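One structure is given below, encoded as structure tokens.
All of the numbers you see were taken from the coordinates with simple rules; none came from a lab. Owing to the predicted nature of the structure, the values given are computational and were not obtained by experimental measurement. Because the Cβ atoms are built from the backbone with ideal geometry, glycine has one as well, and the counts that use them run over all protein chains shown.
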Amino acid sequence: MSDENKGDQSVSGASRLVITGVTDAGRSTIVSDGPTAVVYGSPFVTAAALWEAEKLPPQPGGNHHPVLHKDFAPHTGARVFLSTFPPQSQWADNPEMVREVLAAAGMEPEGDRPPGFHATDTIDIQTVVDGEIYCLTDEKEVLLTQGDTIIMNGIQHAWINRSDKPATVLATMIANPVRNA
């Protein structure tokens, strides 16, 4: 990982990232073993990029080290993140800041939705690793707890941690060519 990716914010459970690959002789190996870099940090979510592929399917043993991108979601290929959401009580008093942070990451809400709502041109597969978090949609919300998985396909949504402890979510985001067309 390049130095530009190194962050000083923590993501629960994301202290080490080991990436495998293939040598020039075609033998499997460990190509990287080091700290996980925070690539996106804000008062309401901190994300560590774990893996990415610019196109699918990825080449075996290719360089899939995560790098810093202007937009959080991939426009092609896939990205895997480990994100930690602090309790809502730690940031809820500043909804305009939430809107600004999402806009800077390329995820602005459509219409008059509340701050925090956003959509990406991706299929998202997200599993709660620790804690609990609510996923809000336009019409419903659902409480997700450790082990629960939600799959979204480019919908407007927001994440709210109403508990008093951080929630950690493993997310795989796959670019959706239909929405990116």
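Between ASP138 and VAL22, the modelled labels are 4.5 nm apart [label points 7 Å from Cα along Cα→Cβ]. Residues whose amide H falls under 5 Å from that of ASP130, counting only those 5 or more places apart or on a different chain, are THR168, with hydrogens built in the peptide plane. Converting phi to 3J(HN,Hα) with the Karplus coefficients 6.51, -1.76 and 1.60 and the offset θ = phi - 60°, segment 132-144 yields 8, 8, 9, 9, 9, 10, 4, 10, 9, 9, 9, 8, 10 Hz in sequence order, with x at every glycine or proline.
Distant-in-sequence amide contacts of ASN161, defined by a placed amide H-H separation under 5 Å and a gap of 5 or more residues or a different chain, comprise GLN88, TYR134.
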